[in-house]
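Comments concern the structure below.
The values are calculated or read from the model by the stated rules, or taken from the named source; none is laboratory data. Keep in mind it's a predicted model, so treat the numbers as computed, not measured. Cβ: placed from backbone, ideal geometry, glycine included. Neighbour counts: every protein chain shown. To get the accessible areas, we keep the full protein, side chains included, count just its heavy atoms, and leave off ligands, DNA and RNA. Shrake-Rupley method; radii C 1.70, N 1.55, O 1.52, S 1.80 Å.
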Amino acid sequence: MDVQAATNAYIDAMGPERLARAIAYTTGNHWILLAALVVSIITAYLVARSNVLTHRWVKHDGKPNRTAATSAAAFLVLSALITLPWTLYTDWFRQHTYQRSSQPLGDFLGQWALSTAVSALIGAIMLMVIYLALRRAGARWWLWATGIVAVGMTLLMLAAPVVIEPLFNKYQPLPDGAVRDALLPMSTDAGVPSDRIFVYDGSRQSNNFTANAGGVGSTARIAISDVAFKGATLDEVRAVTGHEIGHYVLKHSQWGILLVSLLSLVSFFSAGRLYPTVARLLSVSAPMTDPAGLPALITTISLVSFVATPFLNTMSRHFESQADRYSLEHVGEADGLATALVKTADYRNPRPGLIEETIFYDHPSVERRIRNAMQWKSINTVTTAPALSAPAPSHAESN
Ligand SMILES: [Zn+2]
């Protein structure tokens, strides 16, 4: 079979109009990522100039832990308020323009307020401990801060499916029916407890065709958005769930924690060196150990994280390729995977340039992924032509 022709056929089936919209949406996302960095720097500058972090409600003399926690919460809430118009444009208005969401404005704002409160609470705790390390550990504070992030991320990943995600969406066990019957043997084979596969009302926020694997250890779970659950054929659901089971079996959540911890190590180490310069540019006079300098510390870390984005994306693309491979080898639905991938191309231009893909894409391009699936199919398809061919391996495509 002609692998490239089969790949082209899948993507071209989107039609020129849908393809053009996917390109415009994706390119806009790249610009938004760049602009978001500028917005966050301006916001940090405004918070620093507002003197909120030296206000008596925030700064408690002789109580450094309390000061760090209230400063972090004040910074995060104030930043969220300042950037609200920008958030409304990127996450609500623009998503509606591209028909990626049908969430009413009231519901969006309610969830925005809830997520701001949750972030402020978690941020206050994390930064309180990081400032404790800054005061106590001296020159080696960045090692301690990295350890704190690693522990915090692990706890967060453990708690997210149980405590945080149910605040925003309703997760339900797979309902009885054909999909459940098809997925149960797959999950049993892979050692994923069957009660760890959920369907959630992802359509509340987004029309994106999506599923994910999250949590760690006893809270690890696979969640399929109702958009994918309702809009997919049985072959597609099997292929997509095979991909998510791949993430689960290959322990990508744990690898993710390790990678983010490494990034934190570099971020905190660089922050120590870059802080004086960034603080001067933002007119922040507080030293790094003082939570009043939070706008400068956060900006420094944002800058390092921004530079690290292509490296994190490259690791992420590697994990995604592994999960696709797992799905193909264990489920064998190359065509189901291909048609499911085309449904994700509405929000990820399927044919980016190589540089664009390397810098901005956290999943390999849809074209690359379909080509890999077709490649796999071309090798593993047993043609029916020779009458005396060996029996097909159980995972091979027969058509
Ligand atoms: Zn994935």
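Of the helices (runs of 4 or more DSSP H) lying entirely inside segment 215-282, those containing at least 1 residues that are closer than 26 Å to residue 299 by Cβ and more than 19 Å from the chain's Cα centre (by Cα) are 252-281. Evaluation of residue 148 against the conditions (1) of a type outside the set (Phe, Trp, Tyr); (2) touching a residue at least 12 places away in the same chain (Cβ under 8 Å); (3) farther than 30 Å from residue 110 by Cβ; (4) in contact with a Phe, Trp or Tyr (Cβ under 7 Å, 6 or more places away or on another chain) shows that the sole unmet condition is (4).
One line per residue, one yes/no per condition, for (1) small (Gly, Ala, Ser); (2) under 23 Å from residue 143 (Cβ atoms); (3) in contact (Cβ under 8 Å) with a residue 60 or more places away in the chain:
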| position | (1), (2), (3) |
| --- | --- |
| 260 | no, yes, yes |
| 269 | no, yes, yes |
| 291 | no, yes, yes |
| 302 | yes, yes, yes |
| 314 | no, no, no |
| 318 | no, no, no |
| 322 | no, no, yes |
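When 43, 97 are screened for being hydroxyl-bearing (Ser, Thr, Tyr) and surrounded by fewer than 19 Cβ atoms within 10 Å (Cβ to Cβ), only 97 passes. Cβ-Cβ distances below 7 Å connect the following pairs, each with a first residue in segment 186-205 that is among the β-branched types (Val, Ile, Thr) and outside any strand (DSSP E or B), a second residue that is at pLDDT below 85 and surrounded by fewer than 18 Cβ atoms within 10 Å (Cβ to Cβ), and a separation of six or more residues or different chains: 188/194.
Checked against the criteria, residue 277 counts as away from the ligand (no atom under 12 Å from the Cβ), over 30 Å from residue 189 (Cβ atoms) and of a type outside the set (D, E, K, R).
Only one of the numbered conditions (1) closer than 30 Å to residue 145 by Cα; (2) within 16 Å of the ligand (Cβ to nearest atom); (3) open to solvent by less than 20 Å² (accessible area, probe 1.4 Å) is violated by residue 318, and that is (3). Against the criterion of being over 19 Å from residue 133 (Cβ atoms) and not basic (Lys, Arg), residue 68 does not qualify.
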